[in-house]
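Working notes for the structure below.
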Amino acid sequence: MSFLEPLLLAALPLCGLPILIHLINQRRFQTVEWGAMRFLLEANRMARGHSRIRRWLILACRTLAIAALIFVISRPLASGWIGLAGGSESDTTIILLDRSPSMNQRDALAHASKLETGISQLSQALGLVRSKRWILIDSATLASQELESPQMLSRTVAANAVSKSAHLPTLIQAAHDYIQENRSGQTEIWILSDLQANDWDAENGRWKTLRDSFLQFQQAVRFHLLAYPEAAAANVGVRVTSIERQQTGDTAQLLLSIILTASPDAKSTEIPLRFDIQGVRTEHVVQWEGPQLELRNFAIPIDPELKQGHGRVTIPADAYPTDDEYYFVFSEPMPRRAILVADEEDVPRPLRLATAISPDPNTFNEVEVVRPAQIAALNLGDVALLVWQAPLPQGGDATRIESFVASGGQVIFLPPELPTADTLFGIGWTDWHETETSLAIENWRSDEDLLVRTQSGQSLPVGQLQIHRFCGLTGEFTKLAWLKDGSPLLARVPTGKGGVWFLTTTIQPRDSSLAIDGVVLYAMLQRAIANGAAARGNTQNVVAGILPKETTLNWKQLEGAGTLLSSDYADIAGVYSAGDRIVAINRSEQEDNPATLPLEKVDKLFEGLRFDRVSDSAGEFSALAREIWRIFLVLLIVVLFVESLLCLPSRKKATTSLP
Amino acid sequence: MPVDPTQRTFLDPQILARLASIPLFARKPMQGNVSGRHTSPHRGASVEFAQYRKYVPGDDLRRLDWRAHGRSDRYYIKEFEADTNLRLCLVVDTSGSMKVGTAGISKFAYAQRLAAGLAYLAVQQGDAAGLACVADGIVTAIPAKRNPAHLKVLFDLLEQAAPVGPTRLVETLHELAETIRQRAFVVIISDFFVDPAELRDCFEHFRFRKHDLAAFHLLDPQEIGFQFQRPTRFLDLEGGNAIFAEPNEIADRYQEALSRYLNDLKQATVTTGVDYHCLRTDEPYHTGLTRFLVGRGKAGGRR
């Protein structure tokens, strides 16, 4: 327990006052000459036991009352977790800060964000706790930073929210690694977060691994969670889902698809959408009925000379200012060019059609069919997608393709008729497998990548595909779809900017029903083309935190928050120029989902570990270190009441009447 | 009878004059020296017929009842009751505990007044009065005598006595019961802070010796009420150890012990036929004395 007025504790010796008064009182006796000693002796003998206990209890009550009074006026603090600071000094105190955008939600009255509130509370409360070392790890950098004292917390860069989502398993892993590397002793880990489900990723298998790992630590590790799960009130958010520059003759316009989302308690009926495109402002008021409004291809006229640019859309600020703006960049659409590389003379028509037909009637895809040997002479600069159905390239061709992928290009490999032992991107083909009966798809990743659900939320009919023949794969890859026996159908290889996929069957009717089905194949190819076009264009809309920090060192900020370090550009929303490219960084889509993890689930994640939690709200500064003088006041009243009961004279027997 | 010219603090002429109208009676036959107003256990020459007795040679023929002879043809002698004086033996407790007095008068001073009043009344009506001051044994004692000059000696003795020292009341009373000639009127004035069972034995002893026993039990109001507020150190006036006590805490148990003691004592006096009077020292002594005399007067002299 700590005290706001510790000097007043110097009055604690006054607790001895009742004892002193009792002793003085004992001395202040009167002397009486007495004759009826026999009754006195008898009475004294009878009363000895109870009397002494009662006397001691009264003395104890009075002493406790004074002690309680002194504690009350000393304003004791308990850290929301009673008895927190009652123990010994810890060796290391690690502070894990969730700096995700949702931590920027503010209290309507206090105007302090969850992050600000939490940092302030932590600074105050940790100032009362003793520790040899103070380490800060935030969700943006994941780097450990030593602080002189907890009061320095608010002065660090980490005190500001970023646009990058947090990932709590990774953050806690960073703390785990720090403890392990530095062999710290007794450690207290303080987590500041708003419990957003997306950030906590409760289903991630790493939680169990982390739990087991912490349990194995010899030193005591205790977790404290300061949570702010309360969602911002009456919040409306804006997000741009797609942007396209369209030129028709002498006029040009931007086609923006915008989604507005509102919390259930938001009551706005009209939202003014403000567009700021390189200094030119327009406003459009939308009629709003919540919870979601989608504007598709909202046209904003722009200067036809403006081939490339940036802008942002904003709505009036509310309790969650981060989702009230969205940055975007645009440029002339890059040609959606695809190259089909095949050994066979005739590339199946369905493949050509699936690649050539653009889903957008206003854009056109270009498709070229070449032989593997011709790839060396091709200019891949404006190619979005490479579909390679031939033995894996080696040598110079492999290098070209690797460069192509590194610059954002997308490649889909289909198995050749005669696979070789060559590998590319660490993956190689093995043998063909034929099945007597068609194999159905066991499962596929519908949450992301090429087989993601459509915008309307419907899954692609991947489960309806029939696979008659497939080729095996070796190497490290991520399965996006797999067959009943676990063999991959579609696998993705981890790459930097571009995308590399391996489809283990062909569209030949003898191999699969991809051509017959058509939908899955088309969606895959068009998505790959779109990804490639977006990645290889001069503009890029990127989710915060995706790009490595090193890539932003030479960037310049065009729009966005105040003065930032260039190393932080990748994490903070804004528009940046990187040479002749411009990049818009925005929060991820998951950050607009306010769903928080139920507290029971949070507790379960730390099951078996020493863990305590305080839930509070932004702007409320009392949760962490709470004054508990009221407890002592109640104790004082109770003790005085008990003392008064004990002091009540026993009902005196009426004076003896004489016979 | 003239009052002693020496002004004694324990003598109030007005009270004595009021009390003088109430005779002092014994409840049992007394054995006096001279004729008096009290019943004698022996037969005498009073006017009150006692009984017939068969004539034996040597009896005074003047006492023959000829009518009885005429009726029965036998010779009967008439016997008459003898009246005698009583010997009042006052036993005054002069132990240290009698020094207690919170009502403006100590128990001893109260006892002095009672004893002096009784002695005066007894001598005034022709009876004898004696005194024994007891504490740790018989301190001083004078036999019972009838003459007024003896009253002065008795008063001097009372005046000189002082409440001091321990008490051996029980042993002393046994001694007195034995030494006082039978059929005396013994009045004990004490606070009786002894075991009631032992006192009962004393009373039995007196009854065995055919004494008419009266007991004045004197108690101070503070000894009854035990009203103390502060912690108190109680000094034993009879030389015992001092006790330090918190009166508030033990008051109810004190009352319990006192009540039990008084009940036991009352029981003892009832079973032994003692004329028992419990007096508070804040009550005027003449009230108790009047009550005592009137009660005896109603009971009358028994034969």
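The values are calculated or read from the model by the stated rules, or taken from the named source; none is laboratory data. As the structure is a prediction and not an experimental result, all values here were calculated from the model. So basically every Cβ, Gly included, is an ideal-geometry build from the backbone, and we count neighbours across all protein chains shown. Heads up: the accessible areas ignore ligands, DNA and RNA and are worked out on the full protein's heavy atoms, side chains in. Shrake-Rupley method; radii C 1.70, N 1.55, O 1.52, S 1.80 Å.
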Using a 10 angstrom cutoff on alpha carbons, build the Gaussian network for chain B and name the most mobile of B:E204, B:E159, B:E246.
-> B:E246
Sorted by accessible area with a 1.4 angstrom probe, largest first, how do A:T478, A:T322, B:T102 fall?
-> B:T102, A:T478, A:T322
With a probe of 1.4 Å, find how much accessible area chain A has per residue, and write the answer as a whole number in Å².
-> 47 Å²
Could you please report the charge total around A:A356, scoring K, R as +1 and D, E as -1 over all other residues with beta-carbon less than 12 angstrom from its beta-carbon?
-> +2
Region A:457-562: D in µm²/s via Stokes-Einstein (Kirkwood Rh, Cα pairs, 20 °C, 1.002 mPa s)?
-> 130 µm²/s
May I ask you to compute the full-extension gain from A:Q292 to A:A376, defined as 0.36 nm times their residue separation minus their alpha-carbon distance, rounded to one decimal in nm?
-> 25.3 nm
If you project the alpha carbons of region A:297-368 onto the principal axes, what extent comes out on each, in Å, largest first?
-> 60, 32, 19
When Cβ neighbours within 10 Å are restricted to other protein chains, what is their mean count per residue of peptide B:241-250?
-> 6
Please grab the % of Cα pairs in region B:171-303 that end up more than 22 Å from each other.
-> 47 percent
Provide the convex hull volume over Cα atoms per residue for region B:68-225, in Å³.
-> 152 Å³
Give the carbon-plus-sulfur fraction of the accessible surface of region A:275-388 in %, rounded to a whole number; probe 1.4 Å, heavy atoms of protein chains only.
-> 49 percent
Compute the Kirkwood hydrodynamic radius of the protein assembly as shown, taking the inverse of the mean of 1/r over all pairs of distinct Cα atoms, and give it in Å to one decimal.
-> 39.8 Å
Let me know the charge dipole size of region A:229-371 about its Cα centre in debye, to the nearest 20, where only the beta-carbon of Lys, Arg (+1) and Asp, Glu (-1) is charged.
-> 140 debye
When only the heavy atoms of the protein chains count and the probe is 1.4 Å, how do A:M152, A:M334, B:M98 rank by accessible area, highest first?
-> A:M152, A:M334, B:M98
At most 14 other Cβ atoms within 10 Å and a DSSP loop assignment: could you name the GluC sites (Glu not before Pro) in region A:344-400 that fit?
-> A:E344, A:E345
Per-residue SASA entry for A:T31, accessible area with 1.4 Å probe, Å² rounded to 10 | 70 Å²
Positive-end residue of A:G518, A:Y569, A:A202, charge dipole of chain A with Cβ unit charges = A:A202
Place a +1 charge on the Cβ of each Lys and Arg in the protein assembly as shown and a -1 charge on the Cβ of each Asp and Glu, then give the dipole magnitude about the Cα centre in debye, rounded to the nearest 20.
-> 9160 debye
With the charge dipole of region A:199-304 built from beta-carbon charges (+1 for Lys and Arg, -1 for Asp and Glu) about the Cα centre, the Cα from A:Q287, A:F298, A:S242 projecting farthest to the positive end belongs to A:S242
Anyone know which of B:S106, B:S259, B:S72 comes out most mobile in the 10 Å Cα GNM of chain B?
-> B:S72
Would you mind checking which residues have amide H under 5 Å from A:F223's amide H? H placed 1.01 Å from N; only 5 or more apart, or other chain.
-> A:I189, A:R610, A:F611, A:D612
Quick one: compute a quarter of the convex hull surface over the Cα atoms of region A:133-178 and quote it in nm².
-> 3.2 nm²
Mind listing which trypsin sites (Lys or Arg not before Pro) in region A:420-492 are in a DSSP loop and have 12 or fewer other Cβ atoms within 10 Å?
-> A:R453, A:K484
Considering only A:G457, A:G428, A:P488, whose Cα is most displaced toward the positive end of the charge dipole of region A:388-488, charges sitting on Cβ of Lys, Arg (+1) and Asp, Glu (-1)?
-> A:G457
Would you give the gap between the C-alpha center of region B:187-227 and the C-alpha center of region A:420-465, rounded to a whole Å?
-> 119 Å
Any idea what the dipole of chain B comes to, in debye rounded to 20, about its Cα centre with Lys/Arg Cβ at +1 and Asp/Glu Cβ at -1?
-> 1700 debye
Averaged over B:256-263, number of beta-carbon atoms from partner chains that fall within 10 Å | 6
MRE, 222 nm, helices only [DSSP H, n ≥ 4, -39500 (n - 2.57), over the protein assembly as shown, to nearest 500] | -9000 deg cm²/dmol
Loop-resident GluC sites (Glu not before Pro) in region A:265-327 with no more than 16 other Cβ atoms inside 10 Å, DSSP not H/G/I/E/B, are A:E289, A:E305
Measuring from the longest principal axis of the C-alpha atoms of chain B, the long axis of helix B:285-299 (C-alpha) lies at a number of degrees, nearest 10, equal to 30 degrees
State whether region B:138-233 is rounded, prolate or oblate according to the following rule on the C-alpha gyration tensor (a ≥ b ≥ c being the square roots of its eigenvalues): a/c under 1.5 gives rounded; otherwise a/b larger than b/c gives prolate, and the remaining case gives oblate.
-> oblate
Of A:I516, B:I138, ordered by accessible area with the largest first and a 1.4 Å probe, the sequence is A:I516, B:I138
Taking only the alpha carbons of chain B, the radius of gyration and the largest Cα-Cα distance, Dmax, both in angstrom, are 22.5, 85
